[in-house]
Every structure is written in structure tokens, then in C-alpha cells.
Amino acid sequence: QNTPKGISNLFLKEKRIQVVGVPKAISQAKYAGKIIENEMGAAPQKSIALVLGDEGLLPAVLQSLPPKDIDINVTMGLPLQKTSLYSFFQSFFELQRNKTPQGWYYKDVERMLSNPFTRELLSPDQGLAASKLSNTIKDLNLLYLEASFLESPTFNQVEPFQAIFQDIPLDALSCLKNLQTLTAMLQEALEQSKKHFELQVLHAFSRLLNNIYDYLLAKPYIKHLKGLIALFQELIGTEQIDFKGSPIGGLQIMGVLESRNLDFETVIVTTVNEGVLPSGKGAPSFIPYTIKKDFGLHTNKEKDAVYAYHFYRLLQRAKSVYLLYNTEPDVLMGNERSRFIPQLLTDNNIKTNVTHKVVTPNVAFPPLVERSVQKTPLLIDSLKAMALKGFSPSALTTYLRNPYTFYKNYILQLKDIEAVEEYIAPNTLGTVIHDSLEELYLPLIGKLLTPDDLKPLKNKVKTVTNRNFQKFYPKTALGRGHTLIASEVTQKYITSFIDFDMKRCQLQTITLIALEQSYRTKLDLPEFDFPIYLKGKLDRLEMVDGIHQVLDYKTGSVRPTEVHIPSLDDLTTNPQRSKALQLLCYALMVADSSQEIPTLKAGIIPLKQIKSGILHFSIKAGKQPKNQLIDQELRNQFKDKLGQLFTEIFNPSITFMDMESAVL
């Protein structure tokens, strides 16, 4: 007669339990792959279970397995939300949901066009059309893509575009039909490229869309796009892809619930964190906890007890156990290490077999080196070609700030990445103001400015400003949002500037000579055997009480110390004097253009601080009075300083040093 064995004490048998803290989910997947490689290298036939607390970690785990051939059996499903194809459907729904009467939001369009599965279903010619559409959005700075842009032959012949972009308002059923059309196209493309895994995922999505289609036919009251998206998001959380494999031997990858009644020699458990293992309260319920308790309904405590049982039963007969938890949990959600870990560390029966450590990825930092570019003969030739065309004042100030940036911008002529300006960039605002002031003041060139001449300009400010804004933004974007605010601010700047000029006219005699005038002058520098020119475009030249005055508009903040210098030595050594350097360059070019200008002044008009008046260039050494006049002697001294600066620029032994890397 057989007698019951009683309570088992297998859990107390000798076993090795390692608790390892690993930052972030991907690092856990990488570390688990390293453990598997070590364990299977020591005993290839060993039974190993990799239990994923977070099933969404499966794709990363599959990518992190050792390269050697091993038998793998995945006995869990991959949630569709964790697949890369999910982003394709998500981008499509976002594009349709955020559509406004002005069109499709540019970020949604770019996200849809740049999705790898969108590129997959486009032929090479259609891919070029998609790239052209993306470039059109950037070139025209379109915040919203109107349907009229898609009516051209370049775009309307792209078959996928017909399903993605439709000008008519989409209801739930028509939107779903478009998505099913795209799914069929994508299936054909994936079959041609023989991407079997993606095809299997796509079939799961296709089944889900068919089920939703049948549901919409049965429930005709779900008409709006929001209802379709909510239904899709609700059902996608319950769908997964099932994998097939051999359950005998090798590596078993499974979830916590799949490990029931199974024993393994080595067990690796990932994401042993609160809210994952155990899962915690889970989905919120309309039934209060006390009512559940009184009526005998399951609460989160019973759910936690089930997970606790599975956890300890999984460890019962294992000889080697690795418990991985995330050391960098979500601050708002909590998710610190699981309560099971302190229980193991403090259990007097097994704590001698438990070790705890925290690991981090081995990150190799390259040694910090100063980045610089040697001046080769070819580079010197490029500098000479640039000298023949002319150095601009902004090029010289860029060199003073960072020679490496000067090399990238002016020698290599590398441009910033072109992007849509959703918010008005400072350089765009400055361009609009410059162009508007030029258009307003252009009829007054050569005239003596009077308040009667300037006052009518204020009535034209709004029209002129909006016209210049339309060079960067479509007309539909000017009447709302940040563009409207920027337009109003610009009009305020220009109106204040006209008021400022009207006050000046009452106190001084002002004649407007030139606006946005381009200059180019040759520098007679005896130390160079090749020509060096200085070029630039001056914002405004006027004559005030018989003295020529060079003026430069600035939309940003300007400090008086930037134009008031103690000596000319500061111009070529201190980048903070860049504005003073620019003013002297303009003054030098204007004076060299005419022999009738022996003496002149130069100043900056800070449009943002117009009440502070014109900030004139001046030299003040010690207690001596400021000298605002730029005469021939001062210009000759400035030429000598420019000669020293160009000597440094053309010196082959002085590299183009990156000052930012030098600081690091």
C-alpha cells in the first residue's frame, strides 16, 4: 500500500540563486543571452528555461541569443503591440485622426512616409515620389499638407497614396477599407521580398482587421473614426502571434503562466519588478475592493498569490536560478524590484545560497581628443578662392568663435539639416523684418526723411509683413497659432522702428542713402601675394547732420559692451566683440567705395530694445571720452588688425581647432 509522501522539501535543497540588477529592458535581454551562452557552453544538454516577466521583451531576447546553433522552443505568444508592424497601423490612424480642414499635419505625414513598411509597399518610382513629397513639405515649410498638393501627376499616380490620403472625411468603415487595401498591397510586397516573419505578423493583423470589419457591419452605430481607433486599440491588446517549436530539450522561452508544472535545471527570470511579477492591481475596476471582498470575488491579492505560487514552484527543483530585475524603473509608476527578492534574501533557510549584485553594460568611452583640421595645400587653395570672392564679416566672426565651425560652414559649405519650422526661427524672423523694412523704405532712398513721409508707412506694415511671411509659410498658416503671434510681434517691431525714425527726424537731419546695399572691397595687405577681398550686405546707409552713418539691424538682444571696446586689439582676439568687428568691416567697405567719405559712424539698431536708441561703435580707453568717429587713421589701424587675423587664417601650421572639443 502506497502512503502519501507528505509535504516536499525540494525547495530547501541546495541551489544557486543569483539576483542581478540590470538597467533597462534591453540590457536584461543582452545579459540573459550571456547567461544562456555560458550555461549551454558548460553543458549543452542542460534544460534551461528563460521566463519573461514582460512578454514584450521577446523580440529583444531573440536578437540577443548566442550565435551557436541551439534548439529553441518559444511557448508563448508575441503581442501584436510589440511588433514593428504595429507602428505602421498606428501611423495610419494618427494621420487620419489629426486631419483638419487645412489638411494633414506634416509630422503625421512624415511619420507615415518614413515608416519602413510604407517604403516596403512603394515601388522605386513611387519611393521617389514619396521623397519628393517630403522635400516639398520642407521646401514650402508646410505645417499642413493640403489635398491640392496630391492632385499633381507626380503624386496622384501613386496607388498607395490613394488609400492613405483622401480629401473626403473618412468614416469608420471607409477608413477600415483603405487600411485593408494597404494591407493587401503590403502582403504582396512582403511576399516578393520573402520576409516570412513580417508576413506572419501581417496575417495576424489582417485577421484582426477582418474581425473588426464584420463587427462594424453588425454594429452600424459605430460610424466615427474615433470609435474605430478605440476598437482597434482595445482588440490589439488581446491579439498575439503564437510560435511553434519542439518542447523536448534545448532552450525553453516562455511566460510565467506557461511554466506551470514544468521543472528545469536552470531558470532565468527577467523583469522581476513590482507591477510585472507580481502584476499588481492590473486594470481598474468599477467594483470597489470592499464589495469584491464581501461577495467573494477575486481581488488583486488573489492574483498576487497565484503569481507567488508559480514563482516559488518554478524555483522548486531548479539547481541554478537567475533573477533579473530593472534597476531603472519608471519613477512615476514605481515598479521597484519585486517583493519576492527581499523574501529570498531574508529567508534564513536559503539566504546562504542567494547572492545579489548589480551589473551595468560595459561602455567604452573613447579618449577625449581635441578635434582639429590640418591646413593642406588643397585647403589653402580653397581659402585663396574664398579670399578672391570675399570674406564676409559673419565668416570672420565665425572663425573667431570656432575655427572648426568656420571650416565646416565656409570651406566644406555644409548646411544644417533642412526641417519644417513649426515655430518661427530667429533667422527667419530677422529675414522677414529686413525684407519688410527694405520694401517700406525703398521709395524714400535719396530723400530727406520727414515725419510726414514716414507716417504713411505705418498703414502698410501689416500688408508688407504678411507678404514677406508668405515666402516661408503658406497663406493659410498666417492667421493662427505661433505664426500669427510672430506676425503680430514683427509688425510691432517695425511700427516701433518707424516711430523711432519719426522722433529722430525732428531732432536731426537724416537723408536715406542706401538699403540692403552689397559692397566688395580689396584689402591692400602687403604680407600677402594674392588678393583678399571683403564683402557684405549693409542694412542701411544714411547721412545724419552731414556725417555718413552705417546701421545694422539686430532682432536679438545687444549689450553696449559688444560695440564699446577699449582697443582694437579686442576685435581679433575676443569673440564677444564680434558685433564691433562687423560694424568696422561695413564702415571700411563703405569708405573704400567712395572717396567723398573721409569720416563716418557705425551703429546697431536693436529692434527688440528700440527705446535704448542706436548703439554706436566707439573706443574708450580708461577715462578718456568715447570716440565714435571712424576716420582714415582708425580704418588703417583696423586693416592692420585684419592683416594679423588673415595671417593666422592662412598659416599652414595653425589648425582649424574645434574650440568646443578643446573645452571638453
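Using amide H atoms built in the peptide plane, which far-off residues or other-chain residues are under 5 Å from GLU336 H to H?
Placed amide hydrogens put GLU274 under 5 Å from GLU336.
If I model a spin label as a point 7 Å beyond the Cα along the Cα-Cβ vector, how far apart are those points for ASP125 and GLU37 in nm?
My value for the distance between the label points is 4.8 nm.
What order do you get for 609-618, 534-543 when each peptide is scored by the mean count of other beta carbon atoms within 10 Å, highest first?
Working: 609-618: 16.7, 534-543: 19.5.
Result, highest mean first: 534-543, 609-618.
Below 8 Å, C-alpha to C-alpha, sequence gap of six or more: please give me the relative contact order for region 96-213 in percent. Could you put the intermediate results ahead of the total?
Details: 76 pairs, mean separation 29.2, N = 118.
It rounds to 25 percent for region 96-213.
As a test of the formula, what do you get for the chain when each DSSP H run with n ≥ 4 contributes -39,500 (n - 2.57) and the sum is divided by the residue count, at 222 nm and rounded to the nearest 500 deg cm²/dmol? Can you show the working numbers first?
On the way: 24 runs with 284 residues, N = 664.
For the chain, the value works out to -13000 deg cm²/dmol.
Using the Karplus curve 6.51 cos²θ - 1.76 cosθ + 1.60 with θ = phi - 60°, work out ³J(HN,Hα) for each residue of region 551-567 in order, rounded to whole Hz, and write x for Gly and Pro.
These are the phi-based 3J(HN,Hα) values: 10, 10, 7, 9, 8, x, 6, 10, 9, x, 5, 6, 10, 9, 10, x, 7 Hz.
Just order 428-438, 295-305 by mean Cβ neighbour count inside 10 Å, highest at the front, would you? Before the final figure, lay out each step's value.
Details: 428-438: 19.9, 295-305: 12.4.
The most tightly packed comes first, giving 428-438, 295-305.
Over the chain, what is the relative contact order in percent, taking alpha-carbon pairs closer than 8 angstrom and at least six residues apart?
Reported as a whole number, the value is 16 percent.
Give, in whole angstrom and from largest to smallest, the semi-axes √(5λ) of the equivalent ellipsoid of region 352-419, with λ running over the eigenvalues of the Cα gyration tensor. Walk me through the intermediate numbers first.
Details: eigenvalues 439, 43, 23 Å².
Rounded to whole Å, the semi-axes are 47, 15, 11.
Counting only heavy atoms of the protein chains, get the accessible area per residue of region 269-315 (1.4 Å probe) and round it to a whole Å² value.
60 Å²
For the charge dipole of the chain, defined by +1 on Lys and Arg C-beta atoms and -1 on Asp and Glu C-beta atoms about the Cα centroid, which residue among ASN459, SER518, ALA486 has the Cα displaced farthest towards the positive pole?
ALA486
When the scattering of region 249-406 is computed by the Debye formula from its Cα atoms alone, each counted once and equally, what is log10 I(q)/I(0) at q = 0.14, 0.17 Å⁻¹?
Each listed q corresponds, in turn, to -0.88, -1.16.
Any idea which of ILE654, VAL563, ILE597 is furthest toward the positive side of the dipole for region 517-664, if Lys and Arg beta-carbons carry +1 and Asp and Glu beta-carbons -1?
VAL563
For GLY77, list long-range residues whose amide hydrogen, built 1.01 Å from N in the peptide plane, is under 5 Å from its own amide hydrogen.
Distant-sequence amide H within range of GLY77: zero hits.
Considering every pair of different Cα atoms, what Kirkwood radius, in Å, is found for the chain? Spell out each step's value before the answer.
On the way: mean 1/r = 0.0310 Å⁻¹.
The Cα-based Kirkwood calculation yields 32.2 Å.
Output ³J(HN,Hα) for region 515-522: one whole-Hz value per residue in order, computed from phi by the Karplus curve 6.51 cos²θ - 1.76 cosθ + 1.60 with θ = phi - 60°, and x for Gly and Pro.
Per-residue couplings from phi come out as 9, 6, 8, 8, 10, 8, 9, 8 Hz.
What does the C-alpha gyration tensor say about the overall shape of region 123-225? Classify as rounded when a/c is under 1.5, otherwise prolate if a/b is larger than b/c, or oblate.
Details: a/c = 2.77, a/b = 1.28, b/c = 2.17.
Judged from the Cα gyration tensor, region 123-225 comes out oblate (a/c at least 1.5, b/c at or above a/b).
Could you give the size of the charge dipole of the chain about its Cα centre, using +1 on the Cβ of each K and R and -1 on the Cβ of each D and E, expressed in debye and rounded to the nearest 20? Mind showing how you got there, number by number?
Numbers: 75 positive and 69 negative charges, 294 e Å.
Here the size comes out at about 1420 debye.
Compute the orientation-averaged projected area for region 181-325 from the convex hull of its Cα atoms and round it to one decimal in nm².
13.7 nm²
Give me the Debye-computed log₁₀ of I(q)/I(0) at q = 0.12 Å⁻¹ for region 433-516, equal point scatterers on Cα only, no solvent, two decimals.
Ignoring solvent entirely, the Cα scatterers give -0.38.
Put +1 on the Cβ of every Lys and Arg and -1 on every Asp and Glu Cβ in region 429-537; which of GLN470, SER496, LEU534 then has its Cα farthest towards the positive end of the dipole?
The Cα lying farthest towards the positive end belongs to GLN470.
Restrict the search to region 201-245; then list the chymotrypsin sites (Phe, Trp or Tyr not before Pro) that DSSP places in a loop and that have at most 14 other Cβ atoms within 10 Å of their Cβ.
Details: sites: PHE205, TYR213, TYR215, TYR221, PHE232, PHE243; in loops: TYR221, PHE243.
Of the chymotrypsin sites (Phe, Trp or Tyr not before Pro), the ones in loops of region 201-245 whose Cβ has at most 14 other Cβ atoms within 10 Å are TYR221.
What's the carbon and sulfur percent of the chain's accessible surface, probe 1.4 angstrom, rounded to a whole number? Mind dumping the intermediate values first?
Working: 18590 of 35270 Å².
Solvent-exposed carbon and sulfur of the chain make up 53 percent of the total.
Amide H neighbours of HIS356 under 5 Å, counting only residues 5+ apart in sequence or on other chains, H built in-plane at 1.01 Å?
HN-HN under 5 Å from HIS356: VAL19.
Multiply the residue separation of TYR312 and ARG559 by 0.36 nm, subtract the distance between their alpha-carbon atoms, and state the gained length in nm to one decimal.
Numbers: separation 247, 0.36 × 247 = 88.92 nm, distance 6.97 nm.
Full-extension gain reported as 81.9 nm.
In the structure shown, do any of LYS389/LYS554; LYS455/LYS503; LYS447/LYS626 have a Cα-Cα gap over 21 Å, and if so which? Provide the component values of the computation, followed by the final result.
Details: LYS389/LYS554 26 Å; LYS455/LYS503 11 Å; LYS447/LYS626 31 Å.
In this structure, LYS389/LYS554; LYS447/LYS626 exceed 21 Å between Cα atoms.
Considering the convex hull of the alpha carbon atoms of region 505-551, report its projected area averaged over all viewing directions, in nm², one decimal.
Mean shadow area of the hull around the Cα atoms is 4.2 nm².
HN-Hα J couplings of region 453-465 from phi, Karplus 6.51/-1.76/1.60, θ = phi - 60°, integer Hz, Gly and Pro as x?
6, 7, 4, x, 5, 5, 6, 9, 4, 4, 5, 5, 5
Based on the Kirkwood radius over alpha-carbon pairs, what value in µm²/s does the Stokes-Einstein equation return for the translational diffusion coefficient of region 454-573 at 25 °C and 0.890 mPa s? If you can, show how the numbers build up before the last one.
Values: Rh = 18.1 Å.
My calculation gives 135 µm²/s for D.
Under the Kirkwood approximation for Rh and a Cα-based Rg, what ratio Rg/Rh is obtained for region 87-182? Each step should come with its number before you reach the end.
On the way: Rg = 12.2 Å, Rh = 13.4 Å.
Across region 87-182, the Cα-based Rg/Rh ratio is 0.92.
Within the chain, what percent of beta bridges assigned by DSSP are antiparallel, to the nearest 5? All intermediate terms of the calculation are to be shown ahead of the outcome.
Values: 31 of 70 bridges.
The antiparallel fraction comes to roughly 45 percent.
Can you spot the aspartates and glutamates whose alpha carbon is less than 17 Å from LYS351's alpha carbon? Ignore those fewer than 8 places along the same chain.
In chain and number order, the partners are GLU14.
Loop-only GluC sites (Glu not before Pro) in region 588-660, please: DSSP not H, G, I, E or B, and at most 12 other Cβ atoms within 10 Å.
Numbers: sites: GLU596, GLU633, GLU648, GLU660; in loops: GLU596.
Answer in residue order: GLU596.
Using 0.36 nm per residue of separation minus the Cα-Cα distance, give me the extension gain between LYS292 and ASP499 in nm, one decimal. Don't skip to the end; give the middle numbers.
On the way: separation 207, 0.36 × 207 = 74.52 nm, distance 7.43 nm.
Roughly 67.1 nm would be gained on extension.
Given the Cα-Cα distance of THR463 and MET185 and 0.36 nm per residue of separation, how much length would full extension add, in nm?
Stretched fully, the THR463-MET185 segment lengthens by 95.2 nm.
For region 111-182, what is the accessible area per residue in Å² when the probe is 1.4 Å? Working shown, then result.
Values: 3400 Å² over 72 residues.
Heavy-atom SASA per residue in region 111-182 reads 47 Å².
The values are calculated or read from the model by the stated rules, or taken from the named source; none is laboratory data. Worth saying up front: this structure is predicted, and the values here are computed from it rather than measured. Cβ sites come from the backbone with ideal geometry, for glycine too, and all protein chains shown count toward neighbours. Just the protein is used for accessible areas: all its heavy atoms, side chains included, with ligands, DNA and RNA removed. Shrake-Rupley method; radii C 1.70, N 1.55, O 1.52, S 1.80 Å.
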